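Heads up, the thing below is written out as C-alpha cells.
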Amino acid sequence: MTSWITSLWVSLPVPVLILDARDWIRDVNPAAETFLNASKRSLEGHPVWEKVFVDAPLEAAFTRVRDGQAPLFVNSIDVSVGNKKPIPCDVQIAPLMDKPNHVLVLLESRELAGRLNLAMSLKSATKSVIGMAEMLAHEIKNPLAGITGAAQLISMNARGEDLELTNLIVAETRRILKLLEQVEDFGNVRLPALKAVNIHDILDRARKSAMVGFAAHMVIEDDYDPSLPLTWADPDQLQQVFLNLLKNAAEACKSGGTLRIRTFYEFSLKVRRKDGSGASVPLQIDIIDDGPGLPQTIARDIFEPFVSGRENGTGLGLALVSKIIADHDGWIAVDSVPGRTVFRISLPVAPKQAATRPY
C-alpha cells in the first residue's frame, strides 16, 4: 500500500476485513482487531467463519459480489465473536478491484449508531426541557414563598390538627422550593475550564472520597490502563461526574457489593461536536456495579431531566452528568441488566500542544 492508503486503512473507525476467494481472512484494519478482540496475526490465514459468527447466509452475498463486481449491502444482521453477545450490524461487501475474487467486508454496528443518535437527540431535548424548567422555577418560586409566609402566620395562632396542617404546608413548600433551586442551579452550570488532565488522578480522588463516605459498605476495584494519554477537561466538573456515578451505584447496592472502575483506549469511537464537526473520543471510563440494575421502563431515558429510578429522586443528577460530558465534547451511555450496570464515559485526548502541561 502507498503511505496515504496505509494511513487511511489504519484510521478507518469501522471494522474492515479483506477475504480471499476461499473466504479466508487476508487482512484486517485496527478497528477490526478491536471489534473481533483478536490480533491481526491471529486472524490472518483463517476462514472468516472460524472467527466471526453471523445469523445470515453471507456466502451467497460474497458470491454475488464476486460475480457481479458490484458492492452489496446487508442490513441488520447479528454478528458475534467468541462468547460475546451478538451485536446488530449493517454489513457492506465490495469487490477488491486489484485482487480478483477478493472482497472487502465492512461491519458497522447499528447499536453504536443508535446510541449516538439517541445521545444527540437527548442533548437537544434536554436543552429544551432545561429552558422550560428554569422559566417555570423562576415563576413558581415567588408565589410559593408567599404561601410559605402565609402558612407560617396562620400557624402562630393555630392549635392541634390545624397546626399540623400548617406545618405540613410549610414543610412541603420548602421542599418544592429546594427542588426549584436545584433546577435553576442545573441550568446555570458554567462552561468547563478545559486543561490537560490525567484521568486517573481525578478517578483516584473520587474513589477515595467514596471509600470513606457513601461507598464505605462496598469493595471498590480499579482496572486502569496506565498508557492512557491526558484528556482535555475541567477536573472539578469531571470529579463531580465520577462522584455522582459512584454514589448512584453505591445507593443501588444497599447491601454491599463490588464497584469496579475501568479505563481503556478505543480509537474508533467518534461523536459530533456542537459546531457539526467530528470529534474522536477514545478515552473510555467504565463504572460498573453488581447491583439490581436500572428499571427497564426508564433505562432508555435515564439521562433526561426528572427521570429517576429512586423514590423521591429529583432526576437531575444523571441529567447534570450528561450535560457536563456533552460540554466536554464527550459521550456517556449505560448498559444495565440485573447484576451488572455499566456507565461508560468517552472523552477526547488533550491537544498535543497542551499535553505537556498536565493538571
Subset of segment 210-227 [assigned to a loop (DSSP other than H, G, I, E, B), open to solvent by less than 60 Å² (accessible area, probe 1.4 Å) and among the aliphatic types (A, V, I, L, M)]: ALA215, MET218
One residue from LEU191, LEU153, LEU165, LEU144 being within 28 Å of ALA233 (Cα to Cα) and at pLDDT 75 or above: LEU191
Those residues of segment 1-23 which are modelled with pLDDT of 80 or more, farther than 18 Å from CYS89 by Cβ and either open to solvent by 20 Å² or more (accessible area, probe 1.4 Å) or part of a strand (DSSP E or B) (or both), in sequence order: ALA21, ARG22
Residue within segment 344-355 that is surrounded by 15 or more Cβ atoms within 10 Å (Cβ to Cβ), at pLDDT 80 or above, in contact with a Ser or Thr (Cβ under 8 Å, 6 or more places away or on another chain) and assigned to a loop (DSSP other than H, G, I, E, B) present: yes
Where a residue in segment 197-214 is closer than 11 Å to ASN244 by Cα and modelled with pLDDT of 90 or more and its partner, wherever it lies, is surrounded by 20 or more Cβ atoms within 10 Å (Cβ to Cβ) and of a type in the set (Phe, Trp, Tyr), with Cβ under 7 Å and at least six apart: ALA206/PHE242
Within segment 24-56, tally of residues that are under 15 Å from VAL10 (Cα atoms), in contact with a strand residue (DSSP E or B) (Cβ under 8 Å, 6 or more places away or on another chain) and crowded, with 17+ Cβ neighbours inside 10 Å: 6
Residue under evaluation ILE261, criteria (1) in a strand (DSSP E or B); (2) modelled with pLDDT under 90, criterion not met: (2)
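The values are calculated or read from the model by the stated rules, or taken from the named source; none is laboratory data. Model, not experiment: these values are computed from the prediction. Positions of Cβ are generated from backbone atoms using ideal geometry, with glycine treated the same way; all protein chains shown enter the neighbour counts. Note: areas computed on protein heavy atoms with side chains; ligands, DNA, RNA excluded. Shrake-Rupley method; radii C 1.70, N 1.55, O 1.52, S 1.80 Å.
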